[in-house]
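Working notes, structure below.
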Amino acid sequence: MQSRDLLLTAYDNIEEAVRGALDGIDPALLTERIDPEANTIAWLVWHLTRVQDDHVSEVAGTEQAYTENGWADRFGLPFESRAHGYGFSTEDVGRTEITDPQLLLDYHADVHRRTAAFLRTLEPADLDRVVDRRWDPPVTLGVRLVSVIGDDLQHVGQAAFLRGSLERRQPATRR
């Protein structure tokens, strides 16, 4: 098995988990918080997708889907189009008002397609290419791609946990 095949499988797992966290969800749950400072499902999925879009497009040398394919306009969020949620305050999370699960699913599917297309071009030696010299040791392509996988899986797991918790809090008539 090639390294790219392992990476493709990992990114496919993220995409499947995003679908699982959002398919059939009550849109009202997307922006509900379990406490006043908690992240929302909408923010978590938007953020994990923005990070993947940002980081993979950077190493692929391409424009982000968020800007190139008009997602920034469709989301209409009150942030600069290069924002991806890192360093957001609790107020910023609250301003990430996304109430359409299909919008999140479609954006993530677009980013996933672009990520998979890039991964299919990789040869094993490509993973050793240094992509970020701001760190010691410098970050290679392989390390960056695995870092995104770890971050995305954590956030989609949090979104799935929140969904389960919030659905159990709903009255039986709303389920």
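The values are calculated or read from the model by the stated rules, or taken from the named source; none is laboratory data. From a predicted model like this one, the values you see are computed outputs, not experimental measurements. FYI the Cβ positions are ideal-geometry reconstructions off the backbone, even for glycines, and counts take in every protein chain you see. The accessibility values were calculated without ligands, DNA or RNA, using every heavy atom of the protein model including side chains. Shrake-Rupley method; radii C 1.70, N 1.55, O 1.52, S 1.80 Å.
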Practice task
Answer yes or no: is there a residue in the stretch 49-64 that is in contact with a Ser or Thr (Cβ under 8 Å, 6 or more places away or on another chain), over 30 Å from S165 (Cα atoms) and free of Cβ contacts under 8 Å to residues at least 40 places away in the same chain.
Solution key: yes
Exercise for the section: Give the stretch 116-175 a look and list any residue that's of a type in the set (A, V, I, L, M) and in contact with a strand residue (DSSP E or B) (Cβ under 8 Å, 6 or more places away or on another chain), or say none. Expected result: L127, V130, V131, V139, L141
Fill in the blank from the handout: Going through the stretch 1-32 in order, the residues found to be touching a residue at least 24 places away in the same chain (Cβ under 8 Å) and either among the basic types (K, R) or within 22 Å of D126 (Cα to Cα) (or both) are Q2, S3, R4, L7, L8, A10, Y11, D12, R19
Practice task
Could you give me the residue pairs with C-beta distances under 7 Å whose first residue belongs to the stretch 128-147 and is small (G, A, S), whose second residue is open to solvent by 70 Å² or more (accessible area, probe 1.4 Å) wherever it lies, and which are 6+ apart or on separate chains?
Solution key: G142/D128
Problem - Unique residue being touching a Ser or Thr at 6+ places or on another chain (Cβ under 6 Å) and of a type in the set (D, E) when the list is D100, D92, D128 - result: D128
Exercise for the section: Taking the residues in the stretch 20-39 that are buried (at least 16 other Cβ atoms within 10 Å of the Cβ) and outside any loop (DSSP other than H, G, I, E, B) as candidates, determine which candidate is farthest from the chain's Cα centre (by Cα). Expected result: L29
Handout entry: Single condition V51 does not satisfy, out of (1) surrounded by 20 or more Cβ atoms within 10 Å (Cβ to Cβ); (2) in contact with a His (Cβ under 7 Å, 6 or more places away or on another chain)
Key = (1)
